[in-house]
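S.K.: Take a look at the following structure, please.
The values are calculated or read from the model by the stated rules, or taken from the named source; none is laboratory data. Keep in mind the model is a prediction, meaning the values are calculated, not measured. Positions of Cβ are backbone-derived with ideal geometry, glycine not excepted, and every protein chain shown enters the neighbour counts.
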Amino acid sequence: MRLTTAPFTVLAMIGYLAAANTTAQAADRFAVISVANQTEANLVVNYRWGSGSWTKATIGPKRNHLFWYEYPNPTNTSSPDMCLNFDADVGASKYQEAKKLHGFRVPDKNYSGGHHYAFRYDGATKKYIEIFDTSRNTTTAFCS
């Protein structure tokens, strides 16, 4: 009797352990970019994902802003880059820059999961602002 139940018991145990070790993975539905404004300036930016239409956003001093792109379906494997246009001159002059930012694929829209960037003063005079890729600790590329 033990011989006939032993294979069943072993197979049942293997099946149970295999099921216990699997974890459900949520589908990545968004590309998320997390931007911190580490300056004292009130920043007005224009942005677009890929070749989409331009949208305006305001990021207050010492505030964070979340940008996201929702994939048409969860099986997409690539994200369009986001072009972010901002005035880099803190004074009355205008010095427009357009930088290319890339989002991280995540299952939901949250700041901690995004690709992190930060607006910081560029130089000791605090006359100009630059955006830095803090996830990779580098400067950002210009939009083409």
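S.K.: As an exercise: evaluate Phe67 against (1) hydrophobic (A, V, I, L, M, F, W, C); (2) part of a strand (DSSP E or B); (3) over 17 Å from the mean Cα position of the chain (by Cα) and give the number of the one condition it does not meet.
M.R.: (3)
S.K.: Only one of Thr125, Thr138 is under 26 Å from Asp28 (Cα atoms) and either surrounded by 15 or more Cβ atoms within 10 Å (Cβ to Cβ) or not hydrophobic (A, V, I, L, M, F, W, C) (or both). Can you tell me which?
M.R.: Thr138
S.K.: Between residues in the range 86-110 that are without any contact (Cβ under 8 Å) to a residue 24 or more places away in the chain and more than 16 Å from Lys126 (Cβ to Cβ) and residues that are in a strand (DSSP E or B) and not polar (S, T, N, Q), which pairs lie under 7 Å by C-beta distance while being six or more apart or on different chains?
M.R.: Here the result reads Lys94/Asp87; Gln96/Asp87, each pair linking the range 86-110 to a residue that is in a strand (DSSP E or B) and not polar (S, T, N, Q).
S.K.: With respect to the numbered conditions (1) within 22 Å of Phe142 (Cβ to Cβ); (2) modelled with pLDDT of 95 or more; (3) assigned to a strand (DSSP E or B), which one is the sole condition not fulfilled by Ser53?
M.R.: (3)
S.K.: Go through the range 33-88 and give me each residue that's surrounded by 15 or more Cβ atoms within 10 Å (Cβ to Cβ) and acidic (Asp, Glu).
M.R.: Residues satisfying the conditions are Asp81, Asp87.
S.K.: Within the group Ser144, Ser79, Ser93, which residue is in a loop (DSSP other than H, G, I, E, B) and at pLDDT 90 or above? Outline the logic, then answer.
M.R.: Details: Ser144 fails: at pLDDT 90 or above; Ser79 fails: at pLDDT 90 or above.
Exactly one of Ser144, Ser79, Ser93 is in a loop (DSSP other than H, G, I, E, B) and at pLDDT 90 or above, namely Ser93.
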